[in-house]
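Here the structure is laid out as structure tokens; the discussion comes afterwards.
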Amino acid sequence: MSGDTSRPIGHQYALAMLDGGPEKVRSVALAAGSQLTMDAFLRVHDEEPVPAFLHSALCAMSLPTKRPKDDTLPIVREDGRYALAINPRPVLQVVDGKSVMKSLGVPYGAYPRVALIYLLSQAVSKQSRDVYLGRNFTEWMRRLGYQSISYGPRGTANLMREQVDRLLACEWQIRWDGHETGDNAFAVRDVKISNEYAGSLDKNGAFAREIRMSEAFYSHLVDHAVPLNEVAIRELKGTPTALDLYTYLAYRLPRITSDRGQIISWDQLAKHLGNEADSKRFRQTVRETMQIVSAVYPNANVDLSGRKVVLHPSHAPLERKLVGPHLRLVGSDTAQTAPRSSVAKQARKSAENTKSREPLFEFPSGSLNYGTREAEFRAIGLDKGRPWAVDTMADAFRAGFPDIKRHRTQAEWLRVWEAFVIRYAERRQANGND
């Protein structure tokens, strides 16, 4: 491996994985001080991809990253042949015992992005306009990967509910104008994602069990759905710019055909991502954000180092293989002197066979205070998660970790458990629960 630290950290991890496996990845992360990006990379690398979907127009043009000064005004995004307008329509509400028409405002931030991906993914994967939401926000948000859910005025459940109400109350106009024969130019005018959604039912988190997408929106969604990896979405769910950059690249890169790539300006990228920061600050934000995005989408080949942004053809996020010209430095020095011997190939194959024979387990189902296998999990909980009870953390892990019933090696379970415990402790401390 070249050890080029100017590359996004995800590219460095991918090269390390090709060159030496997970242990080499950990050494790169240790040198870079990037534990969180390493955890994200390994989780996405280890887990089977879970298809998720987003409308191509919403990949190309994003929601606001933060609350606009006047959130009752329509949001309009336009760049060349793309245009997106989000119009917050008034809804009937009860205020001080009286029924009034009131605008909820446009959706903004990370919550509506995650909700939108979930809603559209369910519609596409089930081939149905009827989308099941769950009996309450807790159930739904845990399915989306949220671990800690609270119902206070600024609690995660109420923040999500507010943004879903905004999202589904808006009317949308989407335009994409093709210029070549065969282009699927389309326009969706004045439609809601759901014509029948009337908002949350009450204040304790209960919420409509399902929605029915409007036929106009659903029909265009089926024709223009961009495949994403839900495992990656869970890693990025707290950062709107990361979600925007990931979905934009997932949409754009697989469609580039020129080996020289496509050049766009930083201003064009800012329009796509809906970011209104000044140019210098925006560039810094995107370059920093690309670190975590590259960790969950290492095949994304993008050059953000210059005065222009260069997008290179890349495989889609659901492609599990680490491929692309930017990942082909592995073993280059060795290849210049002599090809790898068949003995070396056999050794690698033997190591892979040994790994495949490691026993697989479920995560322990009972208390971590007892049992030989449970002792390793308890030790991590006591070391990384104090002062909170190990079994309390284990219950939260079981409730929120995706594919909790999946069988893994003991080493894999210990790694994801340690990452969870560290984040659990950090969140509790940040929330003042120490």
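The values are calculated or read from the model by the stated rules, or taken from the named source; none is laboratory data. The model shown is predicted, which means the values in this text are computed figures rather than measured ones. Counting neighbours? That spans all protein chains shown, and the Cβs are built from the backbone with ideal geometry, glycine included.
From (1) surrounded by 17 or more Cβ atoms within 10 Å (Cβ to Cβ); (2) outside any helix (DSSP H, G or I); (3) modelled with pLDDT under 85; (4) not polar (S, T, N, Q), pick out the condition that doesn't hold for W140.
Tallying (1) surrounded by 17 or more Cβ atoms within 10 Å (Cβ to Cβ); (2) outside any helix (DSSP H, G or I); (3) modelled with pLDDT under 85; (4) not polar (S, T, N, Q), W140 fails exactly one: (2).
Among the numbered conditions (1) closer than 30 Å to D46 by Cβ; (2) not in a loop (DSSP other than H, G, I, E, B), tell me where N299 comes up short.
If we test N299 against (1) closer than 30 Å to D46 by Cβ; (2) not in a loop (DSSP other than H, G, I, E, B), just (2) comes out false.
Using the structure shown, decide if V293 is within 28 Å of V231 (Cβ to Cβ), over 21 Å from the mean Cα position of the chain (by Cα) and β-branched (V, I, T).
No; evaluated as a whole, the condition is false for this residue.
Sort out which residues of the range 37-75 are assigned to a helix (DSSP H, G or I) and surrounded by fewer than 16 Cβ atoms within 10 Å (Cβ to Cβ), and write them in order of number.
Selection gives D46 alone.
Would you check if there is a residue in the range 90-103 being surrounded by 13 or more Cβ atoms within 10 Å (Cβ to Cβ) and either not in a strand (DSSP E or B) or not assigned by TED's automatic domain parsing to the domain that holds R161 (or both)?
no
Can you find a residue that is in contact with a strand residue (DSSP E or B) (Cβ under 7 Å, 6 or more places away or on another chain), modelled with pLDDT of 80 or more and either outside the structural domain of K24 (by TED's automatic domain parsing) or part of a helix (DSSP H, G or I) (or both) anywhere in the range 370-384?
The answer is no; no qualifying residue exists.
May I ask you to list pairs of residues, at least six apart or on different chains, whose Cβ atoms are under 6 Å apart, with the first in the range 80-103 being farther than 19 Å from Q268 by Cα and the second being charged (D, E, K, R)?
N87/E171; R89/E171; P90/K102; Q93/K102
In the range 236-252, how many residues are part of a helix (DSSP H, G or I) and either charged (D, E, K, R) or in the same structural domain as A115 (by TED's automatic domain parsing) (or both)?
2
Out of (1) at pLDDT below 90; (2) on the phi < 0 side of the Ramachandran plot, the odd one out for G33 is which?
Checking G33 against (1) at pLDDT below 90; (2) on the phi < 0 side of the Ramachandran plot, the one that fails is (2).
Only residues that are loosely packed, with under 13 Cβ neighbours inside 10 Å, hydrophobic (A, V, I, L, M, F, W, C) and under 18 Å from Q35 (Cβ atoms): list them for the range 374-432, please.
A411, A430 - these are the residues of the range 374-432 that are loosely packed, with under 13 Cβ neighbours inside 10 Å, hydrophobic (A, V, I, L, M, F, W, C) and under 18 Å from Q35 (Cβ atoms).
Do we have Q291 as free of Cβ contacts under 8 Å to residues at least 24 places away in the same chain and either buried (at least 19 other Cβ atoms within 10 Å of the Cβ) or assigned to a helix (DSSP H, G or I) (or both) here?
Against the criterion (free of Cβ contacts under 8 Å to residues at least 24 places away in the same chain and either buried (at least 19 other Cβ atoms within 10 Å of the Cβ) or assigned to a helix (DSSP H, G or I) (or both)), Q291 does not qualify.
Can you name the residue in the range 212-246 that is among the polar types (S, T, N, Q) and more than 25 Å from V44 (Cβ to Cβ) and, of all such residues, is modelled with the highest pLDDT?
Applying the first criterion (among the polar types (S, T, N, Q)) to the range 212-246 yields 214, 219, 229, 239, 241.
This time we only want the ones that are more than 25 Å from V44 (Cβ to Cβ), so: 214, 219.
Details: S214: 79, S219: 84.
That would be S219.
Just a yes or no: is a residue in the range 5-28 over 30 Å from F401 (Cβ atoms), without any contact (Cβ under 8 Å) to a residue 40 or more places away in the chain and under 25 Å from the mean Cα position of the chain (by Cα)?
Yes: one or more hits.
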